[in-house]
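The values are calculated or read from the model by the stated rules, or taken from the named source; none is laboratory data. From a predicted model like this one, the values you see are computed outputs, not experimental measurements. Virtual Cβ from ideal backbone geometry, glycine too; neighbours counted across all protein chains shown. All accessible areas refer to the heavy atoms of the entire protein, side chains included, with ligands and DNA or RNA removed. Shrake-Rupley method; radii C 1.70, N 1.55, O 1.52, S 1.80 Å.
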Amino acid sequence: MALEKLVIVGNGMAPGRMLEHLFEQAPGRYDVTIFNAEPRVNYDRIMLSPVLSGEKSFDDIVIHNDGWYETHNVTLHRGARVTGIDRAAKTVTSANGITAPYDRLVIATGSSPFIIPVPGHQLEGVLAYRDLDDVEAMQRYASFRGNAVVIGGGLLGLEAAAGLHMQGMKVTVIHLMPTLMERQLDTAAGYLLQKELEGRGIDIRCGANTKAILGEDRVIAVELDDGTVIDADMVVMAVGIRPSTALAREAGLEVSRGIVCDAQLRTSDPAISAIGECVEVDGRVYGLVAPLYTMAKILAADLAGTPVENFLHAETPTKLKVTGVNLYSVGDFAEGDDREEVVLRDAARGTYKRVIVKDDRIIGAVLYGDVADGGWYNELLRKGECVRDLRETLIFGQAFQNAGNSDPLAAVASLADDAEICGCNGVCKGAITGAIKDKGLSTLDEVRAHTKASASCGTCTNLVESLMALTLGDSFDASAPKAMCGCTHLPHGDVRRLIKVNALKSIPAVMQELEWTTSGGCAKCRPALNYYLLADWPGEYVDDNQSRFINERVHANIQKDGTYSVIPRMWGGMTNSLELRAIADVVDKFAIPTVHVTGGQRIDLLGVKKEDLPGVWADLNKAGMVSGHAYGKSLRTVKTCVGTNWCRMGTQDSTGLGVALEKFLWGSWTPHKVKLAVSGCPRNCAEATCKDIGIVCVDSGYEVHYAGAAGIHIQGTTRLTTVETEDEVMEITAAMMQMYREQGFYLERIYKWADRVGHDTIRAQILDNPDTRRAYYDRFVFSQRFSQTDPWSERVSGKDKHEFKPMADLSSPDRSSSSMEPAE
């Protein structure tokens with residue numbers, strides 16, 4: 001029997017979740033084809049804010065990877081925007097000429113950002129904030145620091161502002177209304193939010209209206225109605241969205257604010273359904289993910305031919321996805337004579353709680369600072385329960401009910417099975433506890449993998465862990481080390497220990513002796529094992545190139561368009577005319593489109609074709625330049641200032657020491673990237689006090705610092721000691737690097753390692769015990785014998801040459817088998 005043809009226009013979160021339900025309910029019923037306007041797989045748009053801020057990467061937010069589509073026999077057309085629907089012929093056609101027939105069609109075109117048509121809105125540097133392309137554009141601007149103006153103080157605008165601020169930009173938010181997020185927050189909570197963001201260094205201008213965006217070819221400033229001019233290198237428009245209905249309208253479907261659908265998500269054409277932000281049901285459109293996931297369940301059931309529920313409107317809580325800001329609102333919190341409010345303020349703690357009651361039932365709640373009871377208030381609202389008997393203690397939360405029983409597990413236990421736990425993914429209590437029991441789940445990662453609860457923004461993690469404790473009892477320990485991946489029950493620490501204890505010297509040996517549950521591991525454990533074996537058995541273990549990520553396999557950073565960036569090493573940030581001429585010649589010879597000076601005192605060549613990499617490296621090698629390892633979990637840079645060579649304030653030769661350190665340390669693989677800096681005086685021009693290891697030169701010698709961070713996480717270094725000589729600096733630095741190499745978990749930065757093992761432990765082994773320090777130093781020196789080989793030079797000589805051959809062009813109609821090279 002031929003499969004029915006299901007075509008989906010759009011590849012967002014809602015159709016992705018719908019397909020998950022459909023494949024569970026009716027596997028093998030449909031031949032599925034997806035047209036995605038974006039050139040990529042499905043990802044979690046909720047998590048774009050952490051990607052913008054640098055807290056997550058794109059890979060972290062992918063929902064369905066390539067393997068998922070292959071497993072379910074889904075044809076995914078990437079970068080294929082559908083331009084027409086022929087309802088008579090039952091076909092859709094994309095802008096790049098692909099036509100596909102359908103028996104059932106699902107439109108999931110989402111929404112489009114609203115761009116205020118003020119003068120200058122079309123200038124270069126004016127961006128929206130809707131998808132990964134927008135995020136990557138913002139990150140490019142943020143790499144130059146500078147000034148950003150965000151127009152719109154709603155949920156999306158504030159997330160953009162916080163992300164850009166974390167990336168180092170000076171951010172101003174312009175908001176037309178008197179308070180922030182006025183659709184989700186009342187005036188009091190809006191005030192607290194503004195106070196918090198201003199305390200972080202974000203300039204907030206409420207009651208401000210944009211008159212024009214200034215500039216000739218690109219943005220230079222924003223002018224307000226009152227004549228104020230704000231400098232801007234980038235402007236982000238975040239003032240609202242509109243359902244994308246053009247395709248449906250052109251096809252003759254009924255369209256109002258959105259694509260008009262009935263309660264089963266069917267359009268005016270019975271063969272066509274719609275889902276997501278483009279949909280209008282009962283006059284309402286939706287922009288939050290929880291109702292979209294409800295749509296996914298209903299539409300999947302309809303497509304599977306199983307009983308279908310009606311889509312009903314429900315109030316959806318709002319949470320702000322900005323690190324450190326706890327905010328929750330739900331329902332109707334407008335003032336009125338027919339309702340009463342219960343308010344609790346705690347100025348010392350910076351918390352605010354307001355619950356709105358009408359006819360003895362909660363109709364809305366706004367929480368700031370302390371949001372633990374948000375789910376409980378939402379549950380009472382959703383069920384319309386009478387709160388007359390709770391009136392006196394209602395504002396104090398669930399823990400103060402039942403005669404003051406404050407046991408958090410008792411509060412969770414009292415929730416009904418249909419109580420929503422994870423609003424991002426629409427997961428209820430019963431689904432979580434059922435999965436724990438039925439599938440034998442025992443870790444948070446397992447629960448996330450099977451139910452998706454707390455897998456997005458993570459704010460419900462405590463609730464999920466409480467449910468696990470309630471279901472599993474004493475066998476659950478939330479603080480217990482997590483398994484390094486799904487292939488083993490062992491955490492990183494145990495794996496590292498057992499590799500040494502059992503003298504395991506290959507990945508197959510580790511997997512066999514430590515009883516891996518998969519045949520070949522996964523993308524999480526193989527890179528980690530490869531690093532642990534390299535670090536533990538220098539000279540014996542041979543690096544497994546295929547267990548590395550693509551950047552480390554090809555020794556360059558892959559970019560969004562499939563090209564690569566190349567950063568040659570410049571010792572201590574120093575260069576000369578020969579190297580600069582070589583770089584310029586390479587840029588011209590290989591038509592490299594972008595040359596960028598990095599914050600680490602290096603030159604970045606962006607847009608190099610993969611097949612050109614060996615040629616680029618060969619020419620740079622001829623000028624004496626080696627790989628900067630900007631792609632690797634290794635020593636990246638040693639940043640310096642000019643020190644006593646040129647600076648009137650310099651106390652020591654910071655440049656010479658930085659060069660010596662980099663030439664000593666380069667090539668060493670580490671659990672995560674490592675950056676150093678040497679400042680010539682306490683004025684700290686090289687920014688040594690936010691590096692993994694930093695040296696600050698002083699009159700009496702050299703201060704040694706460690707465990708700083710200036711990226712996703714920002715913190716100053718911890719001062720270890722002051723020494724008198726460069727030799728002491730070299731020994732202490734190498735010893736600390738080796739201690740980190742031997743004890744750090746894969747992808748654990750130095751500051752996280754230091755917090756985990758304890759600063760007292762580091763001080764005891766590196767500072768207080770000279771013999772232990774020297775042993776670390778000697779092991780580091782030994783390992784460097786096998787590490788300081790330029791990978792560029794090796795690849796120029798032919799190593800791994802298969803990585804750099806272009807793939808055969810299979811798109812040409814006149815190709816023949818003789819044009820393809822035999823496999824090696």
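At a glance:
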item: Residue satisfying condition, being in a loop (DSSP other than H, G, I, E, B) and surrounded by 20 or more Cβ atoms within 10 Å (Cβ to Cβ), within set Q122, Q184, Q194; result: Q184
item: Answer residue from region 463-482, given it is in a helix (DSSP H, G or I), out of contact with any Leu (no Cβ under 8 Å at 6 or more places or on another chain) and in contact (Cβ under 8 Å) with a residue 24 or more places away in the chain and is nearest to G423 (Cα to Cα) among those; result: L463
item: Residue within region 367-386 that is in contact with a Pro (Cβ under 7 Å, 6 or more places away or on another chain), small (G, A, S) and part of a helix (DSSP H, G or I) present; result: yes
item: Residue tally, condition open to solvent by 10 Å² or more (accessible area, probe 1.4 Å) and part of a loop (DSSP other than H, G, I, E, B), over region 220-237; result: 6
item: Considering residues of region 579-614 that are touching a helix residue (DSSP H, G or I) at 6+ places or on another chain (Cβ under 8 Å) and among the small types (G, A, S) only, the residue modelled with the lowest pLDDT; result: G600
item: Strands (runs of 3 or more DSSP E) (entirely within region 311-361) containing at least 3 residues that are among the β-branched types (V, I, T) and open to solvent by less than 20 Å² (accessible area, probe 1.4 Å); result: 351-358
item: Filter pass, R29 being over 30 Å from R140 (Cα atoms), open to solvent by 50 Å² or more (accessible area, probe 1.4 Å) and basic (K, R); result: yes
item: Lone unmet requirement of (1) surrounded by fewer than 18 Cβ atoms within 10 Å (Cβ to Cβ); (2) among the acidic types (D, E); (3) in contact (Cβ under 8 Å) with a residue 24 or more places away in the chain for D60; result: (3)
item: Odd one out for I436, checked against (1) modelled with pLDDT of 90 or more; (2) under 22 Å from the mean Cα position of the chain (by Cα); result: (2)
item: Elements of type helices (runs of 4 or more DSSP H) contained in region 596-676, each with 2 or more residues being of a type in the set (D, E, K, R); result: 613-622, 654-665
item: Test for A411: is it out of contact with any Lys or Arg (no Cβ under 6 Å at 6 or more places or on another chain) and part of a loop (DSSP other than H, G, I, E, B); result: no
item: Test: V106 is aliphatic (A, V, I, L, M) and part of a strand (DSSP E or B); result: yes
item: So V371, is it in contact (Cβ under 8 Å) with a residue 40 or more places away in the chain and farther than 22 Å from S466 by Cα; result: no
item: In region 624-665, the residues that are hydrophobic (A, V, I, L, M, F, W, C) and either over 15 Å from V729 (Cα atoms) or open to solvent by 10 Å² or more (accessible area, probe 1.4 Å) (or both); result: M625, V626, A630, L635, C641, V642, W646, C647, M649, V659, A660, F664
item: Members of region 732-748 that are within 17 Å of L533 (Cα to Cα) and assigned to a helix (DSSP H, G or I); result: M737, Q738, M739, Y740, R741, E742, Q743
item: Selected residue [in contact with a Lys or Arg (Cβ under 7 Å, 6 or more places away or on another chain) and either assigned by the TED database to the domain that holds M47 or in contact (Cβ under 8 Å) with a residue 60 or more places away in the chain (or both)] from A89, A128, A100, A95; result: A95
item: Some residue of region 270-284 being out of contact with any Lys or Arg (no Cβ under 9 Å at 6 or more places or on another chain), free of Cβ contacts under 8 Å to residues at least 40 places away in the same chain, under 30 Å from S454 (Cβ atoms) and open to solvent by less than 20 Å² (accessible area, probe 1.4 Å); result: yes
item: Subset of region 774-803 (residues that are at pLDDT 90 or above and hydrophobic (A, V, I, L, M, F, W, C)); result: A775, F780, V781, F782, F786
item: For E254: the one exception among (1) open to solvent by 20 Å² or more (accessible area, probe 1.4 Å); (2) out of contact with any Asp or Glu (no Cβ under 6 Å at 6 or more places or on another chain); (3) closer than 21 Å to G157 by Cβ; (4) not hydroxyl-bearing (S, T, Y); result: (3)
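Table: residues versus (1) under 25 Å from the mean Cα position of the chain (by Cα); (2) at pLDDT 90 or above; (3) more than 30 Å from L156 (Cα to Cα).
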site: L22; (1), (2), (3): no, yes, yes
site: E38; (1), (2), (3): yes, yes, no
site: M47; (1), (2), (3): yes, no, no
site: I63; (1), (2), (3): yes, yes, no
site: N96; (1), (2), (3): no, yes, yes
site: P101; (1), (2), (3): no, yes, yes
site: L105; (1), (2), (3): no, yes, yes
site: T109; (1), (2), (3): yes, yes, no
